[in-house]
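Here, each number is a calculation from the coordinates, and none is a lab measurement. Keep in mind that this is a model prediction, so the values were computed, not measured. So basically every Cβ, Gly included, is an ideal-geometry build from the backbone, and we count neighbours across all protein chains shown.
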Amino acid sequence: MNTLNQNLLSEHLAKGNEFCAAGEYQEAIESFNEALEIDPNNVNALEQIRFALEKLGAYQLAADMHGAIIEALGYEWEMAIKLGKFFEMPRIFSGKKRTLNNTGILLFKSGKYQEAIVVFNMALEGDPEHVDALIGKGITLIRLEKYQEAIEIFNKVPEEDLKYADALSGRRIALNRLRKA
């Protein structure tokens with residue numbers, strides 16, 4: 001990408017971030033779409049559009065961004081290999097885990113609990129100890145009234161993790177509902 005396009009891309013991303021910070025999400029989406037016209041595989045722009053859609057309450061549209069983000073991350077992965085930038089791979093892998101978890105949450109918010117479980121399972125395949133995915137799956141299982149499964153999932157969150165309290169809370173809810181069932 002030439003310097004002019006790189007500068008324009010940076011301007012559109014910065015402008016979009018400013019709109020997001022001001023709570024002007026529709027304008028932010030427009031700025032990020034302008035960035036995508038320059039670089040269709042810009043993960044930052046795609047993730048920010050997804051964030052803005054979520055803030056607008058368009059959970060299904062935000063969840064639909066999943067494929068584009070994963071595809072862009074795949075492109076970044078291929079370019080990292082091609083250019084020998086192996087130090088970029090952990091960041092890309094982390095981005096994929098984050099994207100999967102966010103998709104699970106958006107599907108949950110859309111009431112698509114079975115689909116959310118599938119996506120949380122995908123995140124856990126790549127990292128069986130992914131705490132956010134464990135908690136998201138546990139909460140979704142509670143919504144599906146699968147309390148025993150939820151308890152088993154919450155029990156996988158290590159005590160030393162900062163989100164252990166969330167797991168304990170979810171476990172308590174599942175236990176209470178299991179007793180009432």
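Can you name the residue in region 20-36 that is aliphatic (A, V, I, L, M) and out of contact with any Asp or Glu (no Cβ under 9 Å at 6 or more places or on another chain) and, of all such residues, is farthest from Ser10 (Cα to Cα)?
Ala22
Testing Ile92 on (1) within 15 Å of Ala63 (Cβ to Cβ); (2) among the β-branched types (Val, Ile, Thr); (3) touching a helix residue (DSSP H, G or I) at 6+ places or on another chain (Cβ under 7 Å), one condition comes back false. Which one is that?
(1)
How many residues does region 1-47 contain that are among the polar types (S, T, N, Q), closer than 23 Å to Glu71 by Cβ and surrounded by fewer than 19 Cβ atoms within 10 Å (Cβ to Cβ)?
7
Which of the following residues is outside any loop (DSSP other than H, G, I, E, B), of a type in the set (Val, Ile, Thr) and surrounded by 17 or more Cβ atoms within 10 Å (Cβ to Cβ): Ile69, Ile81?
Testing whether each residue is outside any loop (DSSP other than H, G, I, E, B), of a type in the set (Val, Ile, Thr) and surrounded by 17 or more Cβ atoms within 10 Å (Cβ to Cβ) leaves just Ile69.
Would you check if there is a residue in region 109-121 being surrounded by fewer than 23 Cβ atoms within 10 Å (Cβ to Cβ), more than 25 Å from Phe93 (Cα to Cα) and over 16 Å from the mean Cα position of the chain (by Cα)?
The answer is yes; a qualifying residue exists.
Name the residue, out of Glu11, Glu24, Glu34, that is touching a residue at least 12 places away in the same chain (Cβ under 8 Å) and not hydrophobic (A, V, I, L, M, F, W, C).
One residue alone meets the criteria, Glu34.
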